[in-house]
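Here is the structure we will look at.
The values are calculated or read from the model by the stated rules, or taken from the named source; none is laboratory data. Quick caveat, the model's predicted, so the values are computed rather than measured. When we count neighbours, we look across all protein chains shown, and the Cβ atoms used for this are built from the backbone with ideal geometry, even at glycine. Ligands, DNA and RNA are stripped out before the accessible areas are found, and what is left, the full protein with its side chains, is counted by its heavy atoms. Shrake-Rupley method; radii C 1.70, N 1.55, O 1.52, S 1.80 Å.
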Amino acid sequence: MAGEQSKKDIVIVGGGIIGCTTAYYLTRHPSYDPGRHRITLFEATKIAGGASGKAGGLLARWAYPSSIVPLSWSLHDELAREHGGAERWGYRRVQAGELAARPPSAASAGVGETRKRIGDDGGDEAPAASQLRAAGVPEGLNWLEPSAVLSYSSFGGPSNTAQVHPYQFTTSMASLAEEKGVRIVQGSVTDIEYTTTTPSLSAEAGRGTPRRRGGSSGTVRKVSGVTYAPALSTSTLQTHPATTVILAAGPWTPTLLPTLPISAHRAHSIVMQPSPSQPTSAHVLFTSFLSHPCNPEIYPRPDSSVYACGSTDTAVPLPATTALVAVDPARCADIKTQASAISPALRDAPVTTEQACYLPGGGPWIGKAPGTGDGVLVAAGHTCWGIMNAPATGKVLAEMVFEGRAKSADVRRLDPAKG
Ligand SMILES: Cc1cc2nc3c(=O)[nH]c(=O)nc-3n(C[C@H](O)[C@H](O)[C@H](O)COP(=O)(O)OP(=O)(O)OC[C@H]3O[C@@H](n4cnc5c(N)ncnc54)[C@H](O)[C@@H]3O)c2cc1C
């Protein structure tokens, strides 16, 4: 098959999880021949510098959209087995549950009486444990503050829920793609270049229906390259040839494809480092506090750190690059306050990272980019399930590039033309 393929010059725009995983699957496609095909990934700032490096990392068989989730769930498992994902990017199966909790002020009234961590030697252990069990908290989830817990209900377990460290996963995909010949260029793509041809009447007759593309009757608009601003040089814009361009710029995708409806909402998150004497467990918690708008999602990680993210906000519109994302320390402090209310381990844990990023919404859109020319594909707008759905996205895009259509999943409902 590889020998039959004409030479492809594939450009990926964006080094988030979607761009990097797509690069990985392009290099694993049976028709990929590094001697004939060239793959170049352009990243404006740094690989995984946006949401892909700052997300929670939850993977779920119960996520959406159903057209790609089963495939992506299997691929995550396959990738972890093939490349040592447990060690390399913290892949593990987890429990997930919703924790209804008292707000910090109310909870703190009880702190002190029940502060001793359950599992330590001490007289408070049995009463505290039974308090947690009475609230529905499962065995093994012993790092919660009993006085804060109103109720717990499980919505996922190891058979259908897992996690990765998104930054480690994304950078691993980039490295594995590079090992097979992908070139990563630090530069911001500013434009897509096209050639427009008018097929001869005889050629047109041979194909049947006259073509009407690129806005003018009978002309064919085909991608020919991209223009980009190199990051590490003061020189002017440069061009790079392309036979295929894949737009995977997350919430920035509309700068190159303005008609595609993709939203961008800022979200803050923190990483805490509990003491070794206060270990957490493989339980992801979606908190809901009485009468408080910040309901953090809490993700203990196998490296013993704990990630927590708060709600989205629209206070600051999407800046030009990931490097310019403004972090509001007050929003990070709010996440820490809420997390501290439910757990002495988190209350005592120093915050090692305060960060923000932009959640891309509206999609996911996967397929031919509408209103462009031949050879332009898009994969963007992956909502709160972009980490989960990246492998399936990359796999079907590789099929679209090398075989002309998605084979592993039916992605017609995600067609960007429906946007
Ligand atoms: C707080 C939070 C928690 C989340 N938790 C989860 C979770 O638990 N599970 C899950 O499945 N999903 C989660 N998500 C969603 C997930 O993070 C996103 O859907 C996913 O990261 C989007 O990836 P992306 O590659 O499309 O975009 P991004 O990660 O934003 O990457 C886009 C990249 O394109 C680059 N770029 C932009 N413009 C250009 C250009 N012109 N030229 C070159 N490069 C360009 C940017 O610099 C950036 O690196 C979460 C999101 C947030 C915000």
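Quick notes on this one:
- Answer from Gly363, Gly367 - the residue that is among the small types (Gly, Ala, Ser), in contact with a strand residue (DSSP E or B) (Cβ under 7 Å, 6 or more places away or on another chain) and at pLDDT below 95: Gly363
- The set of residues in the stretch 182-228 that are touching a Pro at 6+ places or on another chain (Cβ under 9 Å), open to solvent by 50 Å² or more (accessible area, probe 1.4 Å) and either within 16 Å of the ligand (Cβ to nearest atom) or modelled with pLDDT of 95 or more (or both) comprises Gln186, Glu193.
- Residue among Ala380, Ala349, Ala341 that is buried (at least 24 other Cβ atoms within 10 Å of the Cβ), farther than 25 Å from Ala242 by Cβ and in contact with a Ser or Thr (Cβ under 8 Å, 6 or more places away or on another chain): Ala341
- Single match in Pro274, Pro251 (criterion: at pLDDT 95 or above, open to solvent by less than 20 Å² (accessible area, probe 1.4 Å), assigned to a loop (DSSP other than H, G, I, E, B) and over 30 Å from Ser6 (Cβ atoms)): Pro274
- Residue within the stretch 389-404 that is more than 14 Å from the ligand (Cβ to nearest atom) and within 14 Å of Pro251 (Cα to Cα) present: no
- The set of residues in the stretch 145-181 being open to solvent by less than 40 Å² (accessible area, probe 1.4 Å) and among the polar types (S, T, N, Q) consists of Ser147, Thr161, Gln163, Thr170, Thr171, Ser172.
- Per the conditions (1) over 22 Å from Gly50 (Cβ atoms); (2) outside the structural domain of Ile246 (by TED's automatic domain parsing); (3) modelled with pLDDT of 95 or more, the sole criterion not satisfied by Glu354 is (1).
Condition check ((1) modelled with pLDDT under 95; (2) farther than 30 Å from Ala101 by Cα) across all residues:
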{"residue": "Lys336", "(1), (2)": "no, no"}
{"residue": "Thr372", "(1), (2)": "yes, yes"}
{"residue": "Thr383", "(1), (2)": "no, no"}
{"residue": "Pro391", "(1), (2)": "no, yes"}
{"residue": "Val401", "(1), (2)": "no, yes"}
{"residue": "Ala409", "(1), (2)": "no, yes"}
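- Selection count, the stretch 307-349, where residues are in a helix (DSSP H, G or I), closer than 18 Å to Ala148 by Cα and within 12 Å of the ligand (Cβ to nearest atom): 1
- Only residues that are within 13 Å of the ligand (Cβ to nearest atom) and open to solvent by 10 Å² or more (accessible area, probe 1.4 Å) were counted in the stretch 15-48, giving 7.
- Any pair with Cβ under 8 angstrom, 6 or more apart, that starts in the stretch 11-23 at a residue that is part of a helix (DSSP H, G or I) and ends at one that is more than 6 Å from the ligand (Cβ to nearest atom) and hydroxyl-bearing (Ser, Thr, Tyr): Ile17/Thr170; Ile18/Thr393; Cys20/Thr170; Cys20/Thr171; Thr21/Thr170; Thr21/Thr393; Thr22/Thr393
- Residue count, the stretch 54-76 (criterion: open to solvent by 20 Å² or more (accessible area, probe 1.4 Å) and not basic (Lys, Arg)): 10
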